[in-house]
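What follows draws every value from the coordinates through simple rules; no lab data is involved. Predicted model, so just to flag it, every value in this text is computed and none were measured. Methodologically, a virtual Cβ is constructed for each residue, glycine included, from the backbone with ideal geometry; neighbour enumeration extends over all protein chains shown.
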């Protein structure tokens, strides 16, 4: 019912909006849908790390956004030194390796940082959700302050490699290939996660651990190693997302909080601990974020943030633990 | 009565010392430390109330405090460039702001009332950040520049009077929260905290009780928001940003997240650290200048969560009991003799 109303509005009625009704301007509609899907790709990369850690260990990592920002800054720094310029880098200067290597380096640093934090602070209080959340909050405060001291308060961006920076035409609208590249990276990450979790022994152990940790332990699996690996991968994914996010929208103090929020919205909609949920949540959140500014009447454009809240409210009213979530 | 005094002498002493503050504290201390700490303590106390009696960690308190502040700003300010500039009377503005806060809190509370534990924390954090962007983007109510030129009611024109308003509201809220905890509603709330399934099967409406608790805490956060804008005269979205939200959680944790007194204690420590960190000798040489205040606070919170989950109140209580044991031993003998004499 609600969905039908929204569809009718977008397809036929949306006069006086930035995008015009989809029926009369299909190009703009397609661009908006693509915007939503590509944004969903980035959301999925970041949120899947968050939900992976929670699913297995019940740890809500409030420092997930900080890991994102650490990786973003390190990737930007490394890209600048690889290209040999600190400012006004254009994408022609950037070879594919100048993007991929900083991305991997940043993600690795984030992953190591996450692993260290896990070993020092979170290993010995498994199951105490609130204490762990508070510890990661404290870590995020410290990291944010140190990043501010080290990298300053100005926004910086990472530059997409020149080989993927083009524009092409769809139904009369221009579209940037970098966004499709971002979606491609996200799909690779999703594929990798899927193979890891369903086809390898460790992935099978992790999925078993999500269902019944005690039983996995009783079967003689050294679950502490599995935990450490999971935390490493979860933080690594935050880092990959950080480099992508820095290229997509830049990095500045406060970006960490914004991306923690994005991860939270995705996993609250999709259900904590479920990768399927993270994918569904990313798609829904990405579409709403892209659609609502385009299809609101222009003079009410700034109300688009409310639709994120409406999405949350509707999903939670129907399923309090998210689309694919399970009660404790 | 004397029994009452004997048990609560410490509370009366603190209340007296706070109310007598203008006699011995400097103007700067009154305005920038004491009033600010009281207001932040009020917000933190609403968080502590929800955690202590309902088992919910709400990060939406700062948002509700902001909602009240923005509503006062919209209702009272006139002639500015942003907001609705209704130009109402200050008291009418206050009632309007508190009314809006209650409505918003009911909606948020109703949506969140079926989730618990860590889900509730994440959902309320999401509210907080959405609220920040809402007030930032929606220029009808504020925009990122914020609203300025808000004057308090005539009675509260001087900063000492605002301080007294904050102090009296704080005392009333503290006493009120403790009283509510002993009412049937408060007891039901605590029952729901401990075992929601059992309470539901006893016929209690669990989501409704949670929502009502949330609205009550929201009202207190709203009061703090009204006091804050009267104290500061302006408000902008930055004052409800995610870092401010985390600040209130940090204050509650420093003081002890399950102690109402701790809310104000934590606020005093937080505000004092913010203002006086640079005056500690040699602190610069550790690289911990005022600019790195957040690192210091972060480390403090980490230490508290790891070492003393009851926060500073827990530390003080343990120290007090230790001293009492040490002091009480030698005093026991003469006390006994007296008791025999009188009998």
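For the reader, a short list of remarks on this structure follows.
- Other protein chain Cβ atoms within 10 Å, averaged over every residue that makes up B:55-61: 1
- Distance between the stretch B:171-185 and the stretch B:36-93 - C-alpha centres, whole angstrom: 20
- What the Cα convex hull of the protein assembly as shown gives, in volume per residue, is 210 Å³.
- Entry note: chain A has Rg to Rh equal to 0.99, where both radii use alpha-carbon atoms and Rh is the Kirkwood radius.
- Residues B:58, A:81 in ascending order of nearby Cβ atoms (within 10 Å, fewest first): A:81, B:58.
- Cα-derived Rg over Rh, computed across the stretch B:1-144 with Rh taken as Kirkwood radius: 1.06
- Fewest-first sequence of A:109, A:90 by Cβ atoms within 10 Å of each Cβ: A:90, A:109
- Shielding value for A:135-147 is 6, the average number of Cβ atoms from other chains within 10 Å of each residue's Cβ.
- Likely footprinting exposure, B:194, A:145, A:256, fewest C-beta neighbours within 10 Å first: B:194, A:145, A:256
- Note on the stretch B:233-276 and the stretch A:102-127: Cα centroid distance 28 Å, given to the nearest whole angstrom.
- From its DSSP helices (H runs of at least four residues, each -39,500 (n - 2.57)), chain A gives a residue-normalised ellipticity at 222 nm of -23000 deg cm²/dmol.
- Angle between chain B longest axis and helix B:206-232 axis [Cα atoms, degrees, rounded to 10]: 80
- Averaging Cα coordinates gives a centre for the stretch B:200-230 and one for the stretch A:222-249; these two points are 37 Å apart.
- The stretch B:18-240: C-alpha gyration tensor shape, a/c 1.5 cut-off, then a/b vs b/c: oblate
- Size estimate for the stretch A:200-262 follows the Kirkwood approach: the inverse of mean 1/r over distinct Cα pairs works out to 13.7 Å.
- Helix B:35-54 vs. chain B, principal-axis angle (Cα, 0 to 90°, nearest 10): 70
- In degrees, nearest ten, helix B:184-194 long axis to first principal axis of chain B (Cα): 90
- Ordering of A:223-231, B:235-243 by burial proxy (mean other Cβ atoms within 10 Å per residue, highest first): B:235-243, A:223-231
- Other protein chain C-beta atoms within 10 Å of residue C-beta, averaged over A:250-260: 2.
- Each peptide in B:178-187, A:180-189 receives the mean, over its residues, of other Cβ atoms within 10 Å, and ordering these scores from highest gives A:180-189, B:178-187.
- Ranked packing of B:99-109, A:272-282, most packed first, by mean Cβ within 10 Å: A:272-282, B:99-109
- Helix-only mean residue ellipticity at 222 nm for chain B, each DSSP H run of n ≥ 4 adding -39500 (n - 2.57), per residue, nearest 500: -24500 deg cm²/dmol
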